[in-house]
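Below you'll find the structure, written out as C-alpha cells, and then a few comments.
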Amino acid sequence: MLYHSTRSADGAQTRSFSDILLEGLAPDGGLYLPASYPQVSPAELDAWRKLSYAALAAEILKKFATDIAPAEIEALCAKTYTAQVYCNGRAGDDCSRITPLRPLLQAGNKKLVLQSLSNGPTLAFKDMAMQLLGNLFEYTLAKQGSELNIIGATSGDTGSAAEYAMRGKQGIRVFMLSPHQKMSAFQSAQMFSLQDPNIFNLAVQGVFDDCQDMVKAISNDLAFKQRHRIGTVNSINWARVVAQVVYYFRAYLEATTDNSQRVSFTVPSGNFGNICAGHIARMMGLPIAQLVVATNENDVLDEFFRTGHYRVRGSANTFHTSSPSMDISKASNFERFVFDLCGGDGARVKHLFTKVEQSGGFDLAGGDGDEFAKVAQYGFVSGKSVHADRLRTIAAVWRDCGVMIDTHTADGVKVAQEYWQDDVPMIVLETALPAKFNETIREALGRDAERPAGFDGLEHLPQRFEVIPADAARLKAWVAARLPA
Ligand SMILES: *Cc1c(COP(=O)(O)O)cnc(C)c1O
C-alpha cells in the first residue's frame with residue numbers, strides 16, 4: 001500500500017506507511033492518502049464479528065500498513081487496546097469492549113445509540129488514536145535507531161491525549177505549548193501533573209493562536225527541525241485517521257447481526273478528522289447509510305454540506321463556545337474528502353486549496369465547479385447546534401435516560417435527531433466525558449459533572465510546567481537546551 005499527496009498532479013505513489021507515520025503535511029502542502037482504499041468483503045466482515053477490539057484494529061491496520069510485519073501489528077494493537085487503558089471513564093461501561101454501545105433515545109422505530117470513545121486516560125476520544133500512535137512511534141523509532149521531539153500547541157484535548165500517549169516512551173520527548181491560565185482547571189491539572197521526564201509543559205504568556213504561531217515558526221525553520229528531529233502529532237497525521245476507522249467497524253459489528261443491515265453515524269466535528277475516518281470506513285465497504293456532520297456555532301462544515309460553499313472564517317471570526325474542541329476556523333482534514341469528491345484529481349485539489357489560502361474559500365455548487373451535486377452519494381449531511389441547544393440536550397438526556405453527556409456529544413445528539421431514520425440505528429460518537437467541561441454541566445443541570453474514579457483531587461496534585469513568553473526564538477533556545485548535544 002503506497003501513499004500520495006492530495007495535491008500531486010501525477011499521482012506519484014512513492015511513500016510507505018512508515019515513511020509518512022512521522023510526517024505532517026506532504027512537501028507540496030497536501031495531505032497523504034492511500035493510492036486506493038482497501039476493500040472489505042462481506043465474508044471478511046462476518047469473520048470480524050468474532051474479534052476483540054484489538055484484533056479488529058490489527059486486521060484493519062494490516063490493510064494500510066503493509067510495510068510492517070503482521071505479527072508486529074498484532075502485538076502493537078494488543079498492547080494499545082487493553083481494558084486497563086480504557087477503563088478510566090464512564091461507570092457501568094464494559095471496558096473489555098473498549099468502545100461499548102449504549103442505547104439512548106427511542107422514538108417509534110428510530111433508535112439513537114451512544115458509542116463510548118472517551119474512557120481512555122484523558123477522557124476524550126483522541127486517546128483512541130493517540131495511544132496507538134505512541135506505540136507505533138516508539139516501535140518505528142527503535143527500528144530506525146532514531147529519536148523524535150514532538151512540539152505541539154493545544155487548547156486542551158489534543159495536548160493531554162498526546163502527553164498521556166507519549167509519556168515514558170523511549171526516544172520521544174513532548175514539548176506542549178498551552179495558553180497560560182486559559183485552559184479549564186481540570187485540563188491544565190491533567191497535563192501539568194505529569195512528572196515524566198520526557199514531557200515538557202510550556203505555559204505561554206498569550207492566547208492559543210500565539211502558541212500555534214510559535215509552533216509554525218519552528219515548522220518553517222527547516223534547519224532547526226532537521227537538527228533537532230522535530231515532529232508533530234496533529235490531526236492530519238494519517239495513522240491517527242486510520243486508528244479512528246476501527247471504531248466505525250466495531251460499532252457496526254456490535255449494532256447489527258448481518259451485513260444486509262445498515263447504520264448511520266453522527267460525529268461532533270471540528271477538524272474533520274473523526275468523520276473523515278467514517279468516510280474511509282464507508283469507502284472500504286462498511287454499510288453506512290448516513291454520515292452526519294454536527295458542528296457548533298463555528299459552522300464552516302455545516303455551511304459546506306448545506307450549500308457547497310466552503311468559506312473559512314479566520315481566527316478573529318472564530319467563536320469561543322461551550323464545546324471548545326470544535327472551535328475551528330478551517331477544517332484541516334477536509335481536503336481528504338474534497339480529493340475523493342473531485343475524483344482524485346490532485347491538480348484540481350491544489351487549485352481549490354490555493355484559492356482557500358488566497359481568497360478564503362471555494363464554491364462547488366456554482367462558481368468553482370459542480371461537484372457538490374455528488375456529496376449525497378457519499379452519505380454526508382450536516383447540522384448545527386448552539387449553546388442553548390447544548391444545555392437543552394444535556395438536560396433532556398439526563399432527565400430521560402439518566403446519562404450525563406458532555407457539551408460536544410450534546411451537539412451530536414441534537415443534530416442526530418434531525419436525521420435519524422426508521423430501522424437504521426443512529427450511532428452518536430461520544431467525543432468527551434462531562435467531567436472535562438464542568439462549568440457548562442453546572443449551567444445545564446445545576447449540579448457538578450460526574451467525575452470518574454481516579455480523578456478525585458486531580459487539581460491538588462503537584463504541577464510541573466514552565467511559563468514562557470510568546471516568543472519563538474526564546475522557545476527554540478529553551479527546547480535546544482533540553483536536548484542531548
Ligand atoms: C477534537 C474533538 C472534536 C473534533 O474532532 P475532529 O476530528 O477535529 O473533527 C470533537 N469533540 C471533542 C471533545 C474533541 O476533543
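Worth a mention:
- Any hit, region 335-354, residues being in a loop (DSSP other than H, G, I, E, B) and of a type in the set (D, E): yes
- Looking only at residues of region 295-332 that are hydrophobic (A, V, I, L, M, F, W, C) and out of contact with any helix residue (DSSP H, G or I) (no Cβ under 9 Å at 6 or more places or on another chain), we find that the one that is nearest to S382 (Cα to Cα) is F319.
- Some residue of region 281-299 being touching an Asp or Glu at 6+ places or on another chain (Cβ under 9 Å), touching a residue at least 12 places away in the same chain (Cβ under 8 Å) and in a helix (DSSP H, G or I): yes
- Of residues in region 430-473 being basic (K, R) and at pLDDT 95 or above, the one farthest from the ligand (Cβ to nearest atom): R464
- Test result for V293, hydrophobic (A, V, I, L, M, F, W, C) and either under 18 Å from the mean Cα position of the chain (by Cα) or within 13 Å of the ligand (Cβ to nearest atom) (or both): yes
- Whenever a residue of region 133-156 is over 30 Å from F208 (Cβ atoms), its partners that are aliphatic (A, V, I, L, M) and surrounded by fewer than 20 Cβ atoms within 10 Å (Cβ to Cβ), lying with C-beta atoms within less than 9 angstrom and at least six residues away or across chains, give the pairs Y139/A75.
- Selected residue (criterion: farthest from the ligand (Cβ to nearest atom)) from residues of region 138-175 that are in a helix (DSSP H, G or I) and hydrophobic (A, V, I, L, M, F, W, C): A142
- Positions within region 88-137 being within 16 Å of the ligand (Cβ to nearest atom) and farther than 20 Å from K436 by Cα, in sequence order: L132, L133
- Just one of (1) in contact (Cβ under 8 Å) with a residue 40 or more places away in the chain; (2) under 30 Å from R442 (Cα atoms); (3) more than 16 Å from the ligand (Cβ to nearest atom); (4) surrounded by 15 or more Cβ atoms within 10 Å (Cβ to Cβ) fails for G361. It is (2).
- Residue within region 118-137 that is farther than 19 Å from V246 by Cβ and assigned to a strand (DSSP E or B) present: no
- Scanning region 243-274 for residues that are assigned to a helix (DSSP H, G or I) and hydroxyl-bearing (S, T, Y), we see that the one that is nearest to P425 (Cα to Cα) is Y252.
- For region 234-279, the set of residues classified as in contact (Cβ under 8 Å) with a residue 40 or more places away in the chain, among the β-branched types (V, I, T) and within 13 Å of the ligand (Cβ to nearest atom) consists of I236, V241, V245, T266, V267, listed by residue number.
- Only one entry in A203, A162, A124, A189 is among the hydrophobic types (A, V, I, L, M, F, W, C) and surrounded by fewer than 20 Cβ atoms within 10 Å (Cβ to Cβ), namely A189.
- Residue in region 225-233 that is among the small types (G, A, S) and within 12 Å of the ligand (Cβ to nearest atom) present: no
The values are calculated or read from the model by the stated rules, or taken from the named source; none is laboratory data. What you see is a predicted model, and the numbers here were worked out from it, not measured in a lab. FYI the Cβ positions are ideal-geometry reconstructions off the backbone, even for glycines, and counts take in every protein chain you see.
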